[in-house]
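In what follows, a structure is listed as structure tokens, so that the remarks can point back to it.
The values are calculated or read from the model by the stated rules, or taken from the named source; none is laboratory data. Everything numeric here is computed off the predicted structure, so don't read it as measured data. Virtual Cβ from ideal backbone geometry, glycine too; neighbours counted across all protein chains shown.
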Amino acid sequence: MKLPALFTALLVLASLAVGPSSAQSPAQPAAPAPAQPTPAAAQAAAAAASGANLNISPKRVTFDRNHRSATVYIFNQGSAPGTFDISLIDRVMTPDGQILPITEAQAKPETKAVADRVKSAQDILQIAPRRVTLAPGQGQTIRLRVTGAPTDTTATELRSHLTIATLPPREAGTTADAAAANAQTGQLRFQINALLGLSIPAIVRLGDLDVRAGLENPHVALEKLNGPNGPETPALSLDLVRLGANSLFGNIEVRVQGQPKSPALGLSRGVGVYTEIGRRAMHIPLSRAPAPGEHLEVTFTDDDTSPGKVLAKLIL
């Protein structure tokens, strides 16, 4: 007889972020590390740290009036089989770029108003299958399909997050004999089973697209980005502003004005602004502080509806 583990931890990092980006940074000398890692990057780091072995592609899916279906591929690249639950979960983006489960955000006074503005896609999205078991080296295609029309006729965009969570193996837990032995010796033991979850945004766009952006409130200063005891690093702070009705997804680059072919001083890829917020605060580490007399050119380039199109630019 198996008793359940006393505690389990579900590790779900979301994404993207914002929707995450699959594009890779070009090789550049002294290039800074991307600021504010995308959910996909954070998930990959967490997966490596926890020994998880699940990969997912692509890192976000979008639908519109001409594209009503999509596929996502998951792959068990580990050495042991795994069972995965597949579901749609609503998540909210806060103005500082965090992605939170909507139930958690609704329970906090400081984020409830933002969470209440989320337009869920769960009612019109179907996914299949809902659970899979994958042997090492085995993959599975997940199919998503838009069905019907939303009940909210004022919505311009709906979103939920496709979430794949590992289930604990059957042998996880404490046996009755072990529990009895612990009770006899007066010992209290805890067994923690870490469960990995990967989450990517699934966005349904309704009507004509309205994708516009702005960059506001730029400021360069020395910041301790790695904690109070870390070194001071030059960083650019600014607001990425959503001016249109639809969400944003793209890349921010910081360069010296007039030197378009020089290495970027700062770079943040896969930056999103979802429709529940109007702006997102960004902090982008720079490889060096601007020299006297230098002006910085900051651009936000679309990586979604019109990849490569500059949606916003400023000089400081």
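Worth a mention:
Listed here are the residues, each with its yes/no results for (1) under 25 Å from residue 146 (Cβ atoms); (2) modelled with pLDDT of 50 or more.
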site: 17; (1), (2): yes, no
site: 40; (1), (2): yes, no
site: 64; (1), (2): yes, yes
site: 68; (1), (2): yes, yes
site: 76; (1), (2): no, yes
site: 79; (1), (2): no, yes
site: 97; (1), (2): no, yes
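- Subset of the range 234-263 (residues that are surrounded by fewer than 24 Cβ atoms within 10 Å (Cβ to Cβ), over 21 Å from the mean Cα position of the chain (by Cα), more than 28 Å from residue 202 (Cβ to Cβ) and not charged (D, E, K, R)): 234, 235, 256, 257, 258, 259, 260, 262, 263
- Yes/no for residue 188 being at pLDDT below 90 and at negative phi: yes
- Residue 306 being in contact (Cβ under 8 Å) with a residue 12 or more places away in the chain, assigned by TED's automatic domain parsing to the domain that holds residue 241, out of contact with any helix residue (DSSP H, G or I) (no Cβ under 9 Å at 6 or more places or on another chain) and in a loop (DSSP other than H, G, I, E, B): yes
- Residue match in the range 130-144 (condition: surrounded by 12 or more Cβ atoms within 10 Å (Cβ to Cβ), within 27 Å of residue 210 (Cβ to Cβ) and outside the structural domain of residue 276 (by TED's automatic domain parsing)): yes
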